[in-house]
Every structure is written in structure tokens, then in C-alpha cells.
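The values are calculated or read from the model by the stated rules, or taken from the named source; none is laboratory data. Fair warning: this is a prediction, and the values are worked out from it, not measured in the lab. As a convention, Cβ positions derive from the backbone with ideal geometry for all residues, glycine included, and neighbour counts pool all protein chains shown. Quick note on the areas: whole protein, heavy atoms, side chains included, nothing else; ligands and nucleic acids left out. Shrake-Rupley method; radii C 1.70, N 1.55, O 1.52, S 1.80 Å.
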Amino acid sequence: MDLLVAAVSLLGAVWVTGALWSDPLHRASGVNSGDQAFFEWLLSYGAYALTNGADPLFTHLLNVPDGVNLAVNTSVSVYAFLFAPLTILAGPAITFLVILTLNLAATAYAWYWLFQRHLGANRLGAALGGLFCGFAPAMISHANAHLNWTAQWVVPLIIARCLLLVRRDKPVRDGALLGLLIAVCFSLAGEALFFTALALGVFTLVWALARRAEAAALLRKVLAGLGSGAVVAGVLLAYPLYLHFAGPQRYHGTGFDPKVHNEDLAAFAAWPERSLAGALGLNTDLAANPTEENSFFGAPLLLLVIVGIVLLWRRAARPQRVNLAAVAVTAGVFALLSLGPELRWLGRLTGVWMPEALIGGLPVFNAALPSRLALIVAPAFGLVVAWLATALTSRDAESGVGVRVPGPRAAWAAAFALALLPLIPTPLLARDRAPVPEFFTTGQWREYVADGGTVVPVPITNDLLPDGQRWQAAALADAAGPGDSVFRLPAGFFLGPGGPNGTGRIGPIPRPTQTLLETIAKTGVVPPLTDADRTALRDDLRYWNASIVVLADDVHGAHWPTYQPALKSAMTQLLGDPRRVSDVWLWQVH
């Protein structure tokens with residue numbers, strides 16, 4: 001059964017990412033190619049930092065001259081280091097796709113393993129629950145280029161280590177391993193680690209209040225284990241945490257509006273876009289964007305979970321009732337908090353105050369998007385599905401969860417099918433993406449850029465226009481030998497300071513040239529250019545320590561078409577006629 005679940009998980013992951021596998025070097029996420037370019041850059045930078053001894057968590061290669069604090073971004077350093085050989089050999093696009101596919105497969109299998117090994121589900125029940133968790137609507141939504149949120153396989157490992165901490169008498173060893181997993185999770189998805197800690201805290205509180213004597217007896221062991229874990233995690237995360245809370249280019253709070261990035265209450269009963277139900281036109285447009293369908297369970301699954309909790313509760317012994325209550329309360333708390341500070345219903349804010357308003361402005365909480373709190377609900381539902389399927393298929397009360405539920409098995413099988421089949425994912429959307437110009441892949445740029453010099457892409461790189469960061473990612477992957485230099489970039493796609501009230505923003509506050517070129521790229525209209533524009537360009541080039549200005553033949557827009565001829569016309573008016581070098585247009589800066 002273990003091998004079968006692993007095979008189904010891997011085949012499902014390949015199915016979901018298939019449109020990208022058809023041509024990994026020339027295909028990108030159809031709805032989120034900007035984030036894909038960012039993660040590809042992180043993978044290349046991590047490989048470069050590993051082989052060149054550079055700081056893996058702070059760089060001046062982006063956002064000249066201020067640099068970027070990667071600790072307050074999603075550095076995925078663990079992935080970047082482990083997959084560095086693949087990145088150097090095959091390029092960051094291949095590494096990105098390999099990791100994305102393995103994330104989905106490993107998450108499904110890890111939840112199956114946890115449910116079956118540690119939480120009382122039989123193999124069939126654990127398989128249903130684990131596959132649901134690994135390919136839940138939120139996982140498929142975030143598979144649109146989010147290597148951080150799809151790396152959920154580490155969460156079951158953390159939960160398992162916490163369970164072992166209380167079930168056996170090796171608190172120091174189990175705590176140390178827990179600390180290691182915490183450090184790994186922080187590198188891959190710090191926000192997910194925060195959510196996991198909150199969820200385990202809610203579960204533990206409910207369980208401890210119901211079973212005070214047992215909780216008191218375990219307290220000394222738990223404190224010893226947590227202390228051991230804190231030491232290990234503290235040593236491994238000392239520098240990242242310093243950068244995160246006190247380092248340069250840090251920020252406090254994301255700057256995103258929680259009344260935009262909050263979950264719509266109706267979305268819990270809706271179906272996701274990339275699912276069988278969505279393919280039949282049964283989905284609804286209730287998410288902030290296609291990567292944030294964090295609930296979207298569908299009404300049949302909601303009903304199945306509610307009925308399952310009631311039936312399991314009525315027939316379970318007291319210990320299992322406490323576990324059920326803790327799971328249900330945890331799911332309810334996070335579903336409620338995911339609604340944000342103001343209730344949204346069918347796409348509209350209702351003016352109804354919600355509890356998240358009390359905590360949303362607190363430190364750390366203000367760095368999390370409320371809608372993503374719904375990600376905790378999916379594993380809770382998966383566990384209920386696993387327990388309910390176990391109760392239906394176990395032959396004796398000693399196996400599985402120790403209870404049996406009434407009713408014909410055929411009716412229950414139909415209920416499971418009605419709840420789960422509409423959520424079977426369909427492949428992610430993909431789009432064509434021009435290859436990185438040979439000017440960069442062959443290293444020809446070195447003839448024109450001195451050490452410490454900056455390449456200025458046209459248009460300036462940001463989340464909507466990611467080409468420049470892809471060019472640098474290719475150069476970083478190529479600079480595998482110690483001592484190799486890499487050109488710098490102005491601006492870039494990252495989170496940094498500059499938002500309202502000290503919060504973060506995407507990229508730096510734009511300089512005049514960046515704003516001008518982005519407008520031209522988006523509209524195709526070249527406004528009358530004046531000496532003031534030329535003076536602003538000269539000032540910006542001096543500020544960036546620019547060596548060359550480069551325009552490719554194909555400019556990629558992450559969310560809208562771009563107009564390369566208009567950009568070429570504007571730059572020619574500003575800097576004169578360009579030179580054709582290899583497959584790019586180039587202006588040298590004197």
C-alpha cells in the first residue's frame with residue numbers, strides 16, 4: 001500500500017504539472033510567471049552563494065545600491081543548496097519544476113504516513129486523507145509557482161516529532177530533531193511554520209483543558225523536549241532571525257490589504273478553478289487571485305466532514321472524542337480567522353466585524369495574509385476523512401479509530417465520491433515564455449560589464465516584468481566556480497521596505513525611469529520625451545552604477561502583453577541608436 005500511495009502521489013503531481021513538463025525551458029505558469037521567475041532566481045542565487053561563499057540571505061546583486069534581505073523574503077535556501085548541482089547542470093527552470101512536482105507528491109505521501117503511522121487511520125483511510133491533503137484546492141492553487149506553500153510535506157514531519165515527544169521517553173533527542181525540522185521549515189516557508197505553531201497551540205490547548213491530569217504529567221517531558229528544540233533551532237536560525245527582525249532592508253507587515261486578501265465565506269462551499277468541478281464550469285470567482293484559492297472545498301465535502309465529526313463523536317470513546325474536538329476546534333478557529341477583519345460574502349465586504357481584526361495588526365500576525373489561514377483547515381478535513389473512512393472499512397473496533405459508523409457502505413462510498421471526485425485537480429495552466437537571450441547564457445555580457453557593474457534591463461525588472469531577474473538567474477547558475485562575478489540589477493522582484501506605515505512593498509519605490517518604461521511596456525504609447533526625461537535617465541543610470549542598458553527582442557509581461565517596439569523607440573530617443581550584440585539591443589553607458 002505504501003508503494004501504491006507513493007506512485008499515485010507522484011503520478012498525480014506529474015499530471016498537475018504536465019503542461020510545464022511539456023517544455024520546461026520555454027513554458028511558465030499561465031497565471032503566475034512572475035513568482036516562478038522569482039523562485040528560479042532564488043534557486044540560482046542559492047547555488048551561486050554555496051559555490052562562491054556569498055551570503056545566502058543578503059545580496060547586493062539586486063536592488064542596487066541598497067540590496068535585498070532574503071531572510072524577510074522566502075529564501076528556500078535548503079532547496080537551493082540541496083539542488084545546486086541540478087541548477088548548475090540543467091538550469092533553474094528545470095530545478096524549479098522538479099521541486100514543484102516533488103512538493104506535491106511528497107506532501108500527499110507525508111500526510112498519508114502521518115495519518116496511518118501516528119493518528120490511528122488504517123491504510124485506506126490514510127490514503128484518502130493524505131491524497132486529499134496533498135492535492136487539496138489550496139495546494140493546487142499555490143502550485144501556480146509557489147515553492148514555499150507547496151512544501152507542506154515538512155508539516156506532517158513536525159507533527160509526528162511532537163507526537164513522539166509526548167509518547168516516548170527521549171525528549172532531548174526528539175526535541176533536537178524537532179528543532180532541525182523547524183529550521184528547515186523556516187527556510188522553506190516561514191509563514192507556514194508560524195501557522196503550524198499556532199494550529200498545534202490551539203489543538204494542544206483544547207486537548208490539555210479536557211485532559212488536565214495527563215497534560216500535567218507530560219509537562220516536564222514536553223518542556224525538556226521544547227528546550228532542546230529551541231537550542232537547535234536557535235543555533236541554526238540565529239542569523240536568519242537577526243536579519244528578519246533587525247537586519248537591513250527589513251520591514252514589518254506585508255503592506256497587503258487584509259480586506260482584499262481575506263477568505264470569502266462562500267468560498268468554503270465553492271469548487272476551485274483547476275478541478276473537475278471547475279472544468280465543468282461549477283467554480284466561482286471568489287479568490288483574490290488564482291493562487292489564493294485557500295478553501296474552496298465544495299458543499300458536499302463540508303457536509304461529509306460535519307456528518308463524519310458528529311457520527312464519530314457519538315460512537316467514540318472519551319480519548320478519541322477529545323482528539324475529535326481538538327481537530328474540529330482548530331479547523332473552526334482557522335476558518336474563522338481566515339475571513340479577515342471584515343466578513344466577505346459572494347465577493348463583497350458586508351461591514352460585519354470579524355475576530356481577525358483583534359490580532360491582524362500584531363507583530364508577526366501582520367506579516368501573514370488572513371486568507372492563507374484557511375490552509376490549516378485542509379489537513380484537519382483530511383484527518384476527519386481518514387478517520388471516517390477507517391471507521392467504515394475496519395473489521396474490528398480495535399483497528400483504526402476504534403469506532404464503527406452506521407449505514408450501507410454503498411451509500412457511504414457514494415458520499416465519498418460526491419465529496420472528493422469533483423475536487424480531483426486538472427493540470428495547471430501554462431504559457432509560452434521566451435528563452436533567456438544568448439547574450440547572457442553564453443557569458444557575452446562579461447565583455448561589456450566591469451566587476452560590480454549593473455545591467456539595466458528594458459523595462460526595469462519587477463514582479464510584472466520579470467525578464468531581468470531571469471537573465472541574472474542564468475548568469476548565477478553559470479557562475480559555478482569560485483571567484484566568478486555576476487552583474488547587478490536595479491530594482492527587482494522581492495519584498496522590502498517602503499510600504500505605508502513601515503510595512504513592506506514589492507520592490508523599491510520606483511525611480512522615474514522605471515515608472516516611464518513600465519508605462520510604455522504596458523500601453524505601447526511613447527509619450528513626448530523631454531530633456532527632463534533624459535536628465536532623469538542619466539541620474540538613474542548613475543545611481544545604479546550602470547554599465548549597459550539591454551533590450552531583448554521579446555519582453556515578457558507576467559499579467560499583460562508588452563510592446564517591445566515602443567520600448568526600443570523610447571530608448572533610442574533617450575540614449576541614441578543601440579548596437580545589435582548577439583540577440584539583444586544594447587546601449588553602453590559612459
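Tabulated data
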| read-out | value |
| --- | --- |
| Heavy atoms of TRP113: accessible area, 1.4 Å probe, square angstrom to 10 | 60 Å² |
| Neighbourhood charge, 13 Å Cβ-Cβ cut-off, centred on GLY18 and excluding it, Lys, Arg +1 and Asp, Glu -1 | +1 |
| Burial ranking of peptide ranges 301-312, 63-74 (average Cβ count within 10 Å, highest at the top) | 63-74, 301-312 |
| Gap separating the Cα centres of segment 309-356 and segment 203-251, nearest whole Å | 25 Å |
| For TRP271, residues with placed amide H under 5 Å, excluding near neighbours | THR284 |
| Global form of segment 478-590, assessed from the alpha-carbon gyration tensor, a/c cut-off 1.5 | rounded |
| Degrees between helix 377-393 axis and first principal axis of the chain (Cα, 0 to 90, nearest 10) | 40 degrees |
| Between 0 and 90°, nearest 10: helix 2-16 axis offset from the chain longest Cα axis | 40 degrees |
| Within the accessible area of the chain (1.4 Å probe), percent carbon and sulfur | 64 percent |
| Segment 246-347, accessible area per residue, ligands and nucleic acids excluded (1.4 Å, Å²) | 43 Å² |
| Debye-sum result for segment 34-172 in log10 I(q)/I(0), which assumes one identical scatterer on each alpha carbon, at q = 0.11, 0.21, 0.22 Å⁻¹ | -0.51, -1.15, -1.20 |
| For GLN116, net neighbour charge (Lys/Arg +1, Asp/Glu -1) across residues whose Cβ lies under 9 Å away | +1 |
| Segment 473-536: radius of gyration over Cα atoms, expressed as a fraction of 2.2 N^0.38 Å | 1.55 |
| Computed [θ] at 222 nm, deg cm²/dmol, the chain (DSSP H ≥ 4; -39,500 (n - 2.57); rounded to nearest 500) | -17000 deg cm²/dmol |
| Peptide ranges 513-524, 259-270, 98-109 listed from the most packed, as the mean C-beta count within 10 angstrom indicates | 98-109, 259-270, 513-524 |
| Shape category assigned to segment 264-381 from the gyration tensor of Cα positions, a/c cut at 1.5 | oblate |
| Dipole magnitude of the chain, debye to nearest 20 (Cβ charges: Lys/Arg +1, Asp/Glu -1, about Cα centre) | 2320 debye |
| Three-way shape label, the chain, alpha-carbon gyration tensor, a/c 1.5 | prolate |
| Shape parameters for segment 305-449, alpha-carbon atoms, Rg then Dmax in Å | 23.7, 76 |
| Ranked by how many other beta carbons lie within 10 Å on average, peptides 86-92, 406-412, 552-558 from highest | 86-92, 552-558, 406-412 |
| Net charge over other residues, Cβ less than 9 angstrom from the Cβ of ASP432 (K, R count +1; D, E count -1) | +2 |
| Relative compactness, segment 1-111, computed as alpha-carbon Rg over 2.2 N^0.38 Å | 1.18 |
